[in-house]
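This report refers to the structure that appears directly beneath it.
Values in this text are rule-based calculations from the coordinates and carry no lab data. Keep in mind the model is a prediction, meaning the values are calculated, not measured.
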Amino acid sequence: MTAEQHEKIYTDFHDKVMGYIRARITRRAEAEDLCSDVFEKVYTRIDQYDASKSSLSTWIFTITRNTVIDHFRRTKPTEELDENLSDDTELDEGLLQTESLEELAAALRQLPQELTDLIVLRYYDNRPLTEVADMMGLSYGAVKLRHQKALVMLRRLLNVQD
């Protein structure tokens, strides 16, 4: 691959890759390092790119997504979550018993999409939070905290008392 081809790829995709990373990484220096890592991987693996399987942009964003996921796996929080933090396994039976399915569906539609997905995977698909974390590409701790947030929001939207 020529220097001009490298430059074209960088010029065409840098802002999009950086935007994706910055949406997930708050520290600018960290995001810039990850962006550099992405393009280093792109350049070293360009011979593995197969245009018949995906577009160049899809291939680059797959590398970007995986780089961000790997970053989060490497930089797991040093504090362990309190094991006594409830996972509300029964989704507050009160929520399901006191509210109609229509009210629950309306409340779910008001949650951010990520939290709705988490609740659906956890309770509709009956998946454990560890599996939900893997499916969403997040750490178990992050999913557990988001799960708590989603339940609090649902209780508030449905006016259910603890």
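Observations on the structure shown:
- Ratio Rg/Rh, restricted to the range 1-56 and using Cα atoms, in which Rh is the Kirkwood radius: 1.01
- Segment Ala23..Glu114, full-extension length gain: 31.3 nm, with 0.36 nm per residue of separation and the alpha-carbon distance subtracted.
- Here Lys41 is the anchor, and the lysines within straight C-alpha reach of less than 30 Å, apart from those fewer than 8 places off in the same chain, are Lys8, Lys16, Lys53, Lys76.
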